[in-house]
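Everything below concerns the one structure shown next.
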Amino acid sequence: MSIKKLAGQTLWYGVPKIVSRFLNYGLTLLAFRLFLPQDTSDLTQVYALIPFLNVLFTYGLETSYFKFAQSEDRQRLYNTLNVSIITSTVLFSLALLLFHDSITNFLELRDNPEYVTWMVGIMFFDTMAIIPMAKLRLEERPRKYAFVNMATVLVNVLLVIFFYYIARPLRETHPNSIWILIYRPEVGVGYFIIANLIASACSLFFLWKELAVFKWLFDLRLWKDVMRYSYPLVIVGFGGMINEVLSRLVYRKVLQLDDFTEKRDLGIFGANYKLAVLITIFIQIFRLAAEPFFFNQSVKDDARKTYARVMKFFVIACCFMFLFIALFLNVWKMLIASKHKEYAEGIMIVPILAMGSVFLGIYYNLSVWYKLTNRNMFGAYITIAGAVITILLNIWWIPQFRYFGSAWATLVCYAFMMIASYIQGQKYYPIPYPWKKLVAYIGMVAVIFLIHQGIIRLGQTFIHTAIATQILQLGTALLLLGGFGIFVIKVEKKEFVRLPYIGKYIQQFG
């Protein structure tokens, strides 16, 4: 697969994924509009635990599938991994239900214990779809992959709209009708979880052709080989999830204020964290196409040069996304705080978290070295060290700086992981990354953000109308973003000209 093909498939994976993610993001904004921060804190808790459970339920089989598909019979591998994941999913789900009360207490969901049951259901159906979805990626069928993602999200969105904008008003106007069975006010934000559960179940229906070719055949020797390769990835995954979501899971336990303040703070933190996740969405989209690409490319002589080139494009894209988020904070503030102004109190953690997400994306790109050299334990060591940093800094900084402390802890952790992975990777699988240029780009966008903030603060001393302030913020943001774009195009013109689709337009650029 060439970079041109990678770019094409990233678009196929990316556009539907972006649309579906933004639809999901729209649901999140809807929650912020319908409910106060202290009410959405329970939703934040549930969706902070799900990524942890995802690592446990999938235990690295997706990456292992791509790895072993290069040398093993693909149908035998597909059957073996499906048998493994179906069996383990049933066992893990039963175990979670057995410890239902303990999980409820840990998440402080004692008022809504049913949320935990629904969460287990989401994990069950999502995990069942993992290997069939990986099969689509391996076979380079991004159109079907896009369809399944879009259809699942569309079901989710329609159900949320149904519950809150059809069922709820009908119950209120017809209190003695069947609608009292469909919508119960005490469920509150829980209908977002119910909609997700139903949509996850529907995803298996959309994958029926991939599930139909599965046979209950199990190769023990192959499974053992896969487990030896994948178990370090579980450690990597858990470390990554600790770094990504631990702050929200333990926030209330570390903060130790009154219950109302803790819930309110967590709701604000969760809302603003969602804005920084926009970069993470791009990273996930890129990985969908890149992971099989990296394995397929590894047998070629110029693989390392290709990886270096991919990294450069990736960092440039992340820099633009950082500026898109950081320079337009006033726009994002209006989105999350259109009804409840409290959500805007934490808006300044967004650039910190966004830069942390850039570092995380670079780390994921760098991780190719230990996956290709079968040194997955190095990835485990790095993520464990990152997890320790995250835990210690959150315990130290949250009581002092609240969600700002947690945001800085995230940035420090991802910066450490990125640097550590680069240093180790150059020892065992040297790749000629243009690191000086990449560091310059990252430093430049950070300085651009600070300049923008300085202009805004200076302007506020002379401008006293809201409209003029908005014009200043948007105008300077567009100028700075455009200036950075022109600079990058001039510096990287030779590279951009070689790209599919946009190369011919760049050629005409002076």
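If you check Ile431, Ile395, Ile423 for being open to solvent by 20 Å² or more (accessible area, probe 1.4 Å) and touching a residue at least 12 places away in the same chain (Cβ under 8 Å), only one passes: Ile395.
The conditions of being at pLDDT below 90, more than 26 Å from Trp369 (Cα to Cα) and either among the polar types (S, T, N, Q) or in a helix (DSSP H, G or I) (or both) are met by Tyr47.
Take the conditions on the phi < 0 side of the Ramachandran plot, of a type outside the set (D, E, K, R) and open to solvent by less than 20 Å² (accessible area, probe 1.4 Å) and apply them to Ile384. Does it pass? It is false that Ile384 is on the phi < 0 side of the Ramachandran plot, of a type outside the set (D, E, K, R) and open to solvent by less than 20 Å² (accessible area, probe 1.4 Å).
Ala271 meets the conditions (1) within 30 Å of Leu329 (Cβ to Cβ); (2) at pLDDT below 75 in every case but one. The failed one is (2).
Just one residue in the set Ala477, Ala446, Ala468 is among the small types (Gly, Ala, Ser), surrounded by 11 or more Cβ atoms within 10 Å (Cβ to Cβ) and closer than 20 Å to Gly361 by Cα; that residue is Ala446. Would you tally the residues in the range 180-189 being open to solvent by 90 Å² or more (accessible area, probe 1.4 Å) and either small (Gly, Ala, Ser) or assigned to a loop (DSSP other than H, G, I, E, B) (or both)? Going through the range 180-189 one residue at a time, the tally reaches 1.
Exactly one residue out of Leu204, Leu222, Leu217 is open to solvent by 20 Å² or more (accessible area, probe 1.4 Å), within 29 Å of Tyr145 (Cα to Cα) and either touching a Phe, Trp or Tyr at 6+ places or on another chain (Cβ under 8 Å) or among the polar types (S, T, N, Q) (or both): that is Leu204. Reported count of residues in the range 398-410, each being part of a helix (DSSP H, G or I) and open to solvent by 10 Å² or more (accessible area, probe 1.4 Å), is 6. Note on the range 152-179: residues that are open to solvent by 30 Å² or more (accessible area, probe 1.4 Å) and under 29 Å from Thr89 (Cα atoms) amount to 4.
Taken together, Asn112, Asn149, Asn105 contain a single residue that is open to solvent by less than 60 Å² (accessible area, probe 1.4 Å) and either under 20 Å from the mean Cα position of the chain (by Cα) or free of Cβ contacts under 8 Å to residues at least 40 places away in the same chain (or both), which is Asn149. Applying the condition of being open to solvent by less than 10 Å² (accessible area, probe 1.4 Å) and part of a loop (DSSP other than H, G, I, E, B) to the range 299-348 and asking which residue is modelled with the highest pLDDT yields Leu327. Criterion applied to Thr373, Thr390 was being surrounded by 18 or more Cβ atoms within 10 Å (Cβ to Cβ), within 27 Å of Glu62 (Cα to Cα) and touching a residue at least 40 places away in the same chain (Cβ under 8 Å), and the one residue passing it is Thr390.
Checked against the criteria, Ile166 does not count as β-branched (Val, Ile, Thr) and either touching a residue at least 12 places away in the same chain (Cβ under 8 Å) or outside any helix (DSSP H, G or I) (or both).
The values are calculated or read from the model by the stated rules, or taken from the named source; none is laboratory data. Quick caveat: nothing in here was measured; it's all calculated off a predicted structure. Cβ coordinates were reconstructed from backbone atoms using ideal geometry, including for glycine residues, and neighbour counts include every protein chain displayed. SASA here: full protein model, heavy atoms, side chains in, ligands and nucleic acids out. Shrake-Rupley method; radii C 1.70, N 1.55, O 1.52, S 1.80 Å.
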